[in-house]
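Data block below; observations after.
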Amino acid sequence: MRVFLTGATGFIGYNLCLELLACGCEVRALARPQSARLLAGVPVEVVPGDLFDAAALDYGCRGAEWVFHLAADYRSWVAN
């Protein structure tokens, strides 16, 4: 089963990614270029981009049977 995952470089997303891989899923993970290094050594297809990149989201979802959206801005308050 192919899965698209946002937030794979975060705590919950990374652990879900590992569980999905252990279950035999093919994982595509959306990751900002500066965060993609956190997935080094993990057998996923990294989709470079962020939540504002419509082309990356379209590509990541293409052919996916499941989408897990775990990307978040965890800070309590962000100016702008």
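The values are calculated or read from the model by the stated rules, or taken from the named source; none is laboratory data. The model shown is predicted, which means the values in this text are computed figures rather than measured ones. Every residue, glycine as well, gets a Cβ built from its backbone with ideal geometry; the counts of neighbours run over all protein chains shown. Side chains included, ligands, DNA and RNA excluded: accessible areas come from the protein's heavy atoms. Shrake-Rupley method; radii C 1.70, N 1.55, O 1.52, S 1.80 Å.
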- Note on the structure: Here the residues within region 33-67 that are under 13 Å from Thr9 (Cα atoms) and touching a Ser or Thr at 6+ places or on another chain (Cβ under 8 Å) are Ser35, Ala36, Leu38, Leu39
- Item | Every pair of residues 6+ apart whose Cβ atoms lie under 7 Å, when the first sits in region 54-80 and is closer than 23 Å to Leu20 by Cβ while the second is in a helix (DSSP H, G or I) and open to solvent by less than 90 Å² (accessible area, probe 1.4 Å) | Val67/Cys61; Phe68/Leu16; Leu70/Gly13; Leu70/Leu16
- Residues in region 21-39 that are open to solvent by less than 80 Å² (accessible area, probe 1.4 Å), assigned to a loop (DSSP other than H, G, I, E, B) and at pLDDT 95 or above: how many? 2
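Here's the yes/no breakdown for (1) at pLDDT below 95; (2) crowded, with 17+ Cβ neighbours inside 10 Å; (3) farther than 11 Å from Val3 by Cα:
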| position | (1), (2), (3) |
| --- | --- |
| Asn15 | no, no, yes |
| Glu19 | no, no, yes |
| Pro43 | no, no, yes |
| Asp58 | no, no, yes |
| Arg62 | no, no, no |
| Trp66 | no, no, no |
| His69 | no, no, no |
| Asp73 | yes, no, yes |
| Val78 | yes, no, yes |
